[in-house]
Structure formats: C-alpha cells, structure tokens
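This report refers to the structure that appears directly beneath it.
The values are calculated or read from the model by the stated rules, or taken from the named source; none is laboratory data. Being a predicted model, the structure only gives us computed values, none of them experimental. Reconstructed Cβ throughout: ideal geometry from the backbone, glycine too, with neighbour counts over all protein chains shown.
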Amino acid sequence: MRFVQLSATFSMLLVLFAGVAQAEVNREIYRPYQQMLEQFLAEKELPGDGLVTAFDYQAAVDHDETVRMLSEQRGALAGFDLASLEGRDESVAFWINAYNFFMLDQILTERPDGKLVGSVWDYGGRVNPFVDSVFDRDKFRIDGQDYSLNQIEKEILLGNDYADKGWKDARVHFAVNCASVGCPPLREVIYTADNLEALLAENTRRAFATDRHLRIEEGTLHVTELFKWYEKDFVEAAGSRKAYIEEWADSSVAGRVADTSDIEFIDYDWALNTPANFPEFR
C-alpha cells in the first residue's frame, strides 16, 4: 500500500513539474529580453481600462549593458532547439516573444548615421521600395535558420500549419508589436505558456478600450487599420469584424459597437513608439 501511495505521489509531482517546466521555457530563453523590458518599457493605464506603452530606445542605446543583453538574447535564440517547444501555449508564446524582441533588436542595432529611426519605414519598403522593409528581411536567426518578421507573424503564428492544429488566434494581432505608436501595446512581461491566454484576452480587450484603436462617433465605428489589413483573420474567427470586437471587448464597449451602422479605419501612426511620440507620456 505504501508503495502505491509513493508511486501516486511521484506521478503527481511529475505532472506538476511538467507544468512548471513548460512555463519556464520562455522565461529562461528570454531572460535578457525580459530584463530589457523591465528597464526601458513604460506602461500607462488610461481611463476606461485603456493602455499605452512606450519603449525608451534612447535610454537603451545609452545604457552600458544593452549591447550585452541584445547579444545574449540573439545567441540564445540562434542556438535554441525549436523541437523542444511543447504544445500550443508554449509555442505561440515563444514566437510572439521572438517577433517583439527582434523588432526591438532591429531598432537598437541598425541606426543610420548613429541615430534612431523615426519610423520602421525609414529602413525601406514604403519610403524606398528598392530596399526590403524591416518586415521582409530574412535576418533573425532561430535554431540555425533565418526568419523575417513577416514569416514569424503571417507564416507561423497566423499560418496554415497553426490553423490546421487549431492554434491560430487572431488575438495575436494585439500581441505582436511593430515598434510604432499605432500598434497595440508592447507589454512589460514576456509571454509564457501560463500567461498567454490571459494576456491575449487582456491585450485585445484593452486595445478596444483605447481611442487609438477603437472609438465610436455618431453611430460610426472607427477601428485600427489592423481590421482592414487582416479582415480575413477576424472574419474567420468570429464571422465578421464587428462580431469579433463584440466577442473580445468589455461588455460596455461591445454594446456600443453593436449599435453602430458603419465602419471606418483610424489612420495607423507609424511613428516610433518612443515616449516622446505619445501625448500620454508628455
């Protein structure tokens, strides 16, 4: 009987350990990135549960340890074994963190004439169509392979393989951050298997409570251009863009959205998401 009890206890400990280990993979691999968020990211709550965040790139550039943190994080990801990821939550969290870190890394390490860019489009793309945009450059190394930001977002997180597995989640659009004022906020904690669901729900709800992403004027619903560019993802998830908002917004916002008759899009602000570019931080 005692052997049976010990075996049962041991089995329970294995299950508990497995759960902890799953949550710790992202915490361990993204330790330098988490340190950077703690030092240079500011979050500001808005009335009505809205949220804005800003990253102090200049403070990061001026800090003695930034080069080391960036190098350590790049090295950890370059040598990471993707086969070690287990399950949907751990995998989705990993790739969101990868996207967000590499975007910061890009801004901090490629500074034309030693100066920070004013927008991610300063690297090319819209302004200079003869140079690949920051989103299309295959330069971000994970597990010995180079990825672009678009590959991470559109081909992995929102791609067919994840869709087939039932892992595709349109709320990812409110988690990946393109280093711009118009983006949903970067968060001061990394994504892990155990906080992924809560953060995806919170990010989406709070974006819908922030005028920069959603507002209602005279019966017209004004929403972030994410709903224009990625309409397919939101319709696939909920049947329509309005239905998607109503599903994930706070009930007070959802009720007002339901009463709107037209939809328009808020011009995306591509200015760098540094504190000086947010009225809320001035």
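Go through Glu197, Glu202, Glu153 for me and flag whichever is within 24 Å of Pro47 (Cβ to Cβ) and modelled with pLDDT of 95 or more.
On inspection, the qualifying residue turns out to be Glu202.
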Answer from Glu264, Glu247 - the residue that is over 18 Å from Glu218 (Cβ atoms), among the charged types (D, E, K, R) and at pLDDT 95 or above = Glu247
Given the conditions (1) under 28 Å from Trp121 (Cβ atoms); (2) among the small types (Gly, Ala, Ser); (3) out of contact with any Pro (no Cβ under 7 Å at 6 or more places or on another chain); (4) crowded, with 21+ Cβ neighbours inside 10 Å, report the number of the one that Ala193 does not fulfil.
-> (1)
In region 218-238, the residues that are over 16 Å from Arg171 (Cβ atoms) and not acidic (Asp, Glu) = Gly219, Thr220, Leu221, His222, Lys228
Tell me, yes or no, whether region 5-21 has at least one residue that is modelled with pLDDT of 95 or more, more than 17 Å from Leu85 (Cα to Cα) and assigned to a helix (DSSP H, G or I).
-> no
Please find, among Asn100, Asn128, the residue that is modelled with pLDDT under 95 and either under 20 Å from Thr274 (Cα atoms) or of a type outside the set (A, V, I, L, M) (or both).
-> Asn128
Scan of region 141-164 for residues that are among the charged types (D, E, K, R) and touching a helix residue (DSSP H, G or I) at 6+ places or on another chain (Cβ under 7 Å), ordered by number | Arg141, Asp143, Glu153
So Asp194 fits all but one of (1) part of a helix (DSSP H, G or I); (2) farther than 22 Å from Ala78 by Cα; (3) more than 14 Å from the chain's Cα centre (by Cα); what number is the exception?
-> (1)
Helices (runs of 4 or more DSSP H) fully within region 25-113 counting 1 or more residues that are of a type in the set (Phe, Trp, Tyr) | 31-40, 57-62, 87-109
